[in-house]
Amino acid sequence: MSKLGLIIKREFNSKVRNKAFIIMTIAAPFIMVAMVFLIVYLTKANDSKKKTIAVLDQYELLKASPLKDSKTVEYISINNSTVEDAKKQAEEKEYYGLLVIPKHEKIEDIAKNIHFYTKKSPNVMLVESLEEKVEGTLRQLKFKELGIDSEKIKLAKINSTFNLATYTGEKSSKFANSVKVGFGSIAGYLLMMFIMIYGNSVMRSVIEEKTSRIIEIIISSVKPFQLMMGKIIGNALAGLTQFAIWGIMIVLLIFAAAAYFGINMSEIQQPNTDVTQLGKMGDISAKGQEFIKIISELPKLLMGVLFIIYFLGGYLLYSSLYAAIGAAVDNETDSQQFMMPIMFPLMLGVYVGAFSVVNDPHGPVATIFSMIPLTSPIVMLMRVPFGVPAWQIIVSIALLIGTFVFTVWLAAKIYRVGILMYGKKPTYKELFKWLRY
Amino acid sequence: MKYLLKTDNVVKKFGDFTALNGVSINVPINSIFGLLGPNGAGKTTLIRIINQITMPDSGAVYLDGNQLQPSDIQHIGYMPEERGLYKNMKVGEQAIYLARLKGMSRQDARTQLKYWFDKFDIGSWWNKKMEELSKGQAQKIQFIITILHKPKLLIFDEVFSGFDPINANIIRDEILYLRDEGATVIFSTHRMESVEELCDHIALINKSNLILEGNLIDIKKEFKTNTFQVGLVTDDNEKLYQELTEKYAIEKANFKSLNNELKLNIKLDNDDSTELIKHLNSRALINHFVEVIPNASDIFIKAVKQNN
């Protein structure tokens, strides 16, 4: 086996045999899935208790069309009572809330003076749906007062959704855009997570070799560059293994837990369907079909290839910087001062991705940052689903590779000198001097 | 004489600081070569250049007559002064890994490691993690790792630091054994008694320059001052002292003895002491007479002082 192979193998083994790594690999999916289900479960438990809402309708507004009970809410009318008495009564009987519609001459005054009393601050969704209902009834009244036939209004209602398309005929929609943003963001965040976790692990591994003083023995056998690359690749392989295990485990666990708790997957997306059942189910299945259609239209092969290129390029670029920092310092505490220049472009990439790309995937900010090497892996991955001109991809990749080569050379120089330097906390000026050694 | 390793005019600068200023040393094959010098003189830099850890700015290093190649690392075993191993890696696995980095096959490494573990009777350490061993035990493993791939050139930087006297003796015997088996040893140290005991040749580096190099015996001859230490038994020490002061360059000497004799160091112009013995014999009873031979420590201090 070549020396690089030996180093990669050792780095990989020492990483995956580490107890903390094993525990994290196994425990993290359980924790994540458990948290998701805890939230869903709690929301469900919250909703499953039937809420009773008392209605004191002094105007008798709802007499013609009373509020209909639903699965989670039931309504009780309170008649011939003052507001104070109704409040007392509602509190004694532990009703969820009390809706008070006062008596006024003008419909506008009624609308302004409706009160909803609860013990604690109420569920916002529930209030909104109640408001919607009461508003509807009030509107009908107003129509009548103005002498407008509400049936005609219904008939006159026209819906229009624009059909979006590019000049070349590629169809798009707002929904399609958000699906694309979703895909891009997942890729971008995944890369950022990977860089932060495993780049750091490369750095720690370099520092460990320095503090245990084995470094001089190793580099009397291999070139520092080989050692650095071995570390970066070994850690990446360990990371990919961990990510793969996480992915498989999370999917399995979600299905297992869903089956066990009997939670319907569609409910996770729509946890609150209490007062108004607006026939959204039909909507969801239509969205689902559109979703599949959008995915089938995405440039999947290109996305896959570019994901691999930017993932590798971005990781190698950043992890070589992490390795150089590890070599420059004696312990992790000292590394903080050099972390800024790494974290800054990484964060910038994520923020540009989150704001500029979402607003305008082909705007100048998104375009420029998808070319600058330190931010390009994240930003370009977010832009790719929207279709990026070939020349931009080529320029971006060329710059990335060029910078990668330069950074590795730079990092290797700092690494070569730094691993044998002990005792003093280096400054940027000193690092610059090392480049001349 | 055949030389295993030569450095030719090696220069190394770190920024504005010159660490080595044209150093040329010749290490005879099958010898123990002491590389000496005060702290910061440049010894470690020279050793690192021989190990190809750093590259010289100019000059060259020759191993067995050929300029040093990257593949030559398999012929060199290096035990640095600052040493350590992976703490959470098992002893056997680690030793085999490091031997394979030196180009050994897994099988050879395993066989060799077994041999040394049996020799030192430490077979039970094989599956222990480094962090479970004491410092002395770890040093022993380190020594085995250094010699595991049977290098023809061994470089030890302060090899005895960290060993108790018993283990230091074991290591010293192993170094002598390896030399007898054909290895050449470069030995960098501050401990002059071990230089005296082990080294055939020495080189002295001071302030980035080589100031002294050669066979230890030749160097001692060069540094001797034709001084003889004598012990004279007389009735009147003071009288004899006055008398001898007029004839020779003398000073009071200090050594342990049983009698209250007159103890002197007498310096002659050459190493012919016949005349001196004759004269002293006629004046007093000689119960101590020895030529003062400079030890490594004296030579070290003298050479460095002269150079400064």
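Among the conditions (1) under 25 Å from A:ASN123 (Cβ atoms); (2) within 14 Å of chain B (Cβ to nearest Cβ); (3) among the polar types (S, T, N, Q), A:ASN13 misses just one, which is (1).
Condition first: among the aromatic types (Phe, Trp, Tyr) and under 25 Å from B:LYS302 (Cβ atoms). Now tell me which residues in the stretch B:177-192 satisfy that. Before you say what the answer is, go through the steps one by one.
Residues of the stretch B:177-192 among the aromatic types (Phe, Trp, Tyr): B:177, B:187.
B:PHE187, the sole residue that qualifies.
Given the criteria out of contact with any Cys (no Cβ under 7 Å at 6 or more places or on another chain), within 14 Å of chain B (Cβ to nearest Cβ) and under 23 Å from A:PHE225 (Cα atoms), does A:ILE419 qualify?
yes
Can you find a residue that is in contact with a Lys or Arg (Cβ under 8 Å, 6 or more places away or on another chain) and of a type in the set (A, V, I, L, M) anywhere in the stretch A:120-129? Yes: the stretch A:120-129 contains one or more residues that are in contact with a Lys or Arg (Cβ under 8 Å, 6 or more places away or on another chain) and of a type in the set (A, V, I, L, M). As for the stretch B:141-162, it holds no residue that is surrounded by fewer than 20 Cβ atoms within 10 Å (Cβ to Cβ), at pLDDT below 90 and over 24 Å from A:SER221 (Cα atoms).
Do we have B:PHE160 as aromatic (Phe, Trp, Tyr), in contact with a Phe, Trp or Tyr (Cβ under 6 Å, 6 or more places away or on another chain) and within 24 Å of B:LEU85 (Cα to Cα) here?
No; evaluated as a whole, the condition is false for this residue.
Candidates A:MET24, A:MET1: the one that is at pLDDT below 85, within 30 Å of B:GLN94 (Cβ to Cβ) and out of contact with any Asp or Glu (no Cβ under 7 Å at 6 or more places or on another chain) is A:MET1.
Taken together, the residues in the stretch B:15-40 that are surrounded by 16 or more Cβ atoms within 10 Å (Cβ to Cβ) and within 14 Å of chain A (Cβ to nearest Cβ) amount to 3.
What about B:ARG83, is it within 24 Å of the chain's Cα centre (by Cα), of a type in the set (Lys, Arg) and at the interface with chain A (Cβ under 10 Å from one of its Cβ atoms)? For B:ARG83, the condition - within 24 Å of the chain's Cα centre (by Cα), of a type in the set (Lys, Arg) and at the interface with chain A (Cβ under 10 Å from one of its Cβ atoms) - is met.
Screening the candidates A:GLU216, A:GLU208 for the property of being part of a helix (DSSP H, G or I), among the acidic types (Asp, Glu) and either touching a residue at least 12 places away in the same chain (Cβ under 8 Å) or surrounded by 22 or more Cβ atoms within 10 Å (Cβ to Cβ) (or both) yields one hit, A:GLU216.
Among the numbered conditions (1) crowded, with 21+ Cβ neighbours inside 10 Å; (2) more than 7 Å from every other protein chain (Cβ to nearest Cβ); (3) under 23 Å from B:ILE49 (Cα atoms); (4) not hydroxyl-bearing (Ser, Thr, Tyr), the only one that B:ALA95 does not meet is (3).
Listed here are the residues, each with its yes/no results for (1) within 14 Å of chain B (Cβ to nearest Cβ); (2) among the hydrophobic types (A, V, I, L, M, F, W, C); (3) over 30 Å from A:ALA236 (Cβ atoms); (4) surrounded by 14 or more Cβ atoms within 10 Å (Cβ to Cβ).
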| site | (1), (2), (3), (4) |
| --- | --- |
| A:ARG17 | yes, no, no, no |
| A:MET35 | no, yes, no, no |
| A:ILE39 | no, yes, yes, no |
| A:VAL55 | no, yes, yes, yes |
| A:ALA90 | no, yes, yes, yes |
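In the stretch B:41-63, the residue that is surrounded by the fewest Cβ atoms within 10 Å (Cβ to Cβ) out of those that are within 12 Å of chain A (Cβ to nearest Cβ) and among the charged types (D, E, K, R) is B:ASP57.
Here B:GLY77, B:GLY40, B:GLY92 are screened, and the one residue that is modelled with pLDDT under 95 and on the phi > 0 side of the Ramachandran plot is B:GLY40. Annotation note: of A:ILE217, A:ILE207, the sole residue that is within 22 Å of A:VAL408 (Cα to Cα), within 14 Å of chain B (Cβ to nearest Cβ) and not aromatic (Phe, Trp, Tyr) is A:ILE207. Scanning the stretch A:295-312 turns up no residue that is over 19 Å from A:ALA390 (Cα atoms) and buried (at least 21 other Cβ atoms within 10 Å of the Cβ).
Scanning the stretch B:131-156 for residues that are outside any helix (DSSP H, G or I) and aromatic (Phe, Trp, Tyr) returns a single hit, B:PHE156. A:TRP246 passes every criterion in (1) part of a helix (DSSP H, G or I); (2) within 14 Å of chain B (Cβ to nearest Cβ); (3) in contact (Cβ under 8 Å) with a residue 12 or more places away in the chain apart from (2). Of the residues making up the stretch B:64-74, those that are small (Gly, Ala, Ser) and within 13 Å of another protein chain (Cβ to nearest Cβ) number 1.
Within the stretch A:382-402, can one find any residue that is assigned to a helix (DSSP H, G or I), more than 30 Å from A:ILE295 (Cα to Cα) and away from chain B (no Cβ under 14 Å)? Yes: one or more hits. When the stretch B:111-140 is filtered for residues that are farther than 21 Å from A:SER220 by Cα and of a type in the set (Lys, Arg), the ones remaining, listed by number, are B:LYS114, B:LYS119, B:LYS128, B:LYS129, B:LYS135. For the stretch A:135-158, state whether one or more residues are over 30 Å from A:ALA64 (Cβ atoms) and of a type outside the set (A, V, I, L, M, F, W, C). Within the stretch A:135-158, not a single residue is over 30 Å from A:ALA64 (Cβ atoms) and of a type outside the set (A, V, I, L, M, F, W, C).
The C-beta contact set for the stretch A:20-34 (first residue over 15 Å from A:ALA258 (Cα atoms), second residue aliphatic (A, V, I, L, M) and at pLDDT 90 or above, distance under 9 angstrom, 6+ apart or interchain) comprises A:PHE21/A:ALA238; A:ILE22/A:VAL16; A:THR25/A:VAL16; A:THR25/A:ILE245; A:ILE26/A:ILE245. Of the helices (runs of 4 or more DSSP H) entirely within the stretch A:100-178, those holding at least 2 residues that are loosely packed, with under 11 Cβ neighbours inside 10 Å, on the phi < 0 side of the Ramachandran plot and free of Cβ contacts under 8 Å to residues at least 12 places away in the same chain occupy A:124-146, A:150-156. Here B:ILE301, B:ILE293, B:ILE250, B:ILE266 are screened, and the one residue that is loosely packed, with under 15 Cβ neighbours inside 10 Å, among the β-branched types (Val, Ile, Thr) and free of Cβ contacts under 8 Å to residues at least 40 places away in the same chain is B:ILE301. Figure legend. Inter-residue proximity from the stretch B:169-185: first residues basic (Lys, Arg), second residues part of a helix (DSSP H, G or I), beta-carbon distance below 8 Å, spacing 6+ or different chains. Indicated pairs: B:ARG172/B:SER194; B:ARG172/B:GLU197; B:ARG172/B:LEU198. Which residues, counting only those in the stretch B:104-128, are within 12 Å of chain A (Cβ to nearest Cβ) and surrounded by 15 or more Cβ atoms within 10 Å (Cβ to Cβ)? B:MET104, B:ALA109 - these are the residues of the stretch B:104-128 that are within 12 Å of chain A (Cβ to nearest Cβ) and surrounded by 15 or more Cβ atoms within 10 Å (Cβ to Cβ).
The values are calculated or read from the model by the stated rules, or taken from the named source; none is laboratory data. Every value quoted in this text rests on a predicted model; they were computed, and no experiment measured them. When we count neighbours, we look across all protein chains shown, and the Cβ atoms used for this are built from the backbone with ideal geometry, even at glycine.
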